[in-house]
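Contents: one structure, followed by commentary.
None of the figures in this text is laboratory data; all of them are computed from the coordinates on show. For clarity, every value in this text was computed on a predicted model and none was experimentally measured. All Cβ positions, even for glycine, are placed from backbone atoms using ideal geometry, and neighbour counts span all protein chains on display.
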Amino acid sequence: MRTLGVLLVFILLYGCQGPEPRKPVQRKSGSYFKESIERSRKLLEAEEKKIQEIIKIDSLKHYTHSASGSWYHYLRVNDSTEYTPQTDDIVTMKYNLLTLDNDTLYSEDEIGTFTYKVDKQELFLGLRAAVKLLKENEKATFLFPSSIAYGYHGDNNKIGTNVPLKSTITILNIEKQQDNLEE
């Protein structure tokens with residue numbers, strides 16, 4: 001009986017091996033991601049080329065390249081202040097959205113006067129950055145590549161996949177927040 005007990009303990013201790021890891025069914029080579037990056041790079045190059053053509057044709061206006069990747073020119077400048085919207089400020093503005101071929105997607109009347117709490121509400125990346133560049137009573141036209149507009153997804157309505165946008169933005173009012181007044 002004692003031999004049987006020792007045999008059972010021996011089988012239990014040495015009979016069970018540790019878990020054996022499963023081998024992956026497929027191995028990922030990363031080629032899908034490399035292809036996706038290459039497609040995105042080519043798309044951005046084509047969009048930037050089209051934007052540069054627009055800028056070249058519109059040679060009477062001085063376009064500036066922003067840090068976010070858009071190009072813009074002023075239609076109305078406000079030299080009486082230096083203050084641009086900061087995080088948490090409330091901005092009242094008007095804007096429209098067009099294709100680079102000037103086909104209207106959303107008119108200023110369709111969008112209406114828009115109130116935006118800076119960096120706290122959802123706007124597409126390019127528009128969020130554009131608002132921070134303009135002062136009160138300024139108006140500018142921006143050219144956005146699709147990567148900082150609505151991107152691959154579009155807006156599920158009028159803006160399709162990978163559509164670069166043109167927008168004229170007017171800042172009507174900036175309501176400064178208390179924290180920003182101290183700075």
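Taking region 83-105 as the range and being aromatic (Phe, Trp, Tyr) and either touching a helix residue (DSSP H, G or I) at 6+ places or on another chain (Cβ under 6 Å) or buried (at least 17 other Cβ atoms within 10 Å of the Cβ) (or both) as the test, only Tyr95 passes. Of all the residues in region 34-57, those that are free of Cβ contacts under 8 Å to residues at least 12 places away in the same chain and either touching a Pro at 6+ places or on another chain (Cβ under 6 Å) or more than 10 Å from Pro145 (Cα to Cα) (or both) number 13. Applying the selection to region 94-112, what residues are of a type outside the set (D, E, K, R), in contact with a Ser or Thr (Cβ under 6 Å, 6 or more places away or on another chain) and part of a strand (DSSP E or B)? Matches in region 94-112: Tyr95, Leu97, Leu98. Listed by first and then second residue, the pairs linking a residue in region 106-117 that is surrounded by 12 or more Cβ atoms within 10 Å (Cβ to Cβ) to a residue that is part of a strand (DSSP E or B) and of a type in the set (Ser, Thr, Tyr), with Cβ atoms under 6 Å apart and 6 or more places separating them unless they lie on different chains, are Thr115/Thr92.
Of all residue pairs spaced 6 or more apart or on separate chains, those with beta-carbon atoms under 8 Å, a first member in region 130-156 that is polar (S, T, N, Q) and a second member that is crowded, with 24+ Cβ neighbours inside 10 Å and assigned to a loop (DSSP other than H, G, I, E, B) are Ser146/Pro164. The set of residues in region 62-77 that are surrounded by 11 or more Cβ atoms within 10 Å (Cβ to Cβ) and free of Cβ contacts under 8 Å to residues at least 60 places away in the same chain comprises Thr64, His65. Restricting Arg39, Arg22 to residues that are more than 18 Å from Gly126 (Cα to Cα), among the basic types (Lys, Arg) and in a helix (DSSP H, G or I) narrows the list to Arg39. With Asn162, Asn173, Asn157 as the choices, which residue is part of a loop (DSSP other than H, G, I, E, B) and loosely packed, with under 15 Cβ neighbours inside 10 Å? Matching residue, one of Asn162, Asn173, Asn157: Asn157.
Does Leu133 qualify as being buried (at least 16 other Cβ atoms within 10 Å of the Cβ) and within 11 Å of Ser167 (Cβ to Cβ)?
Values: buried (at least 16 other Cβ atoms within 10 Å of the Cβ): yes; within 11 Å of Ser167 (Cβ to Cβ): no.
So Leu133 does not fit the description; no.
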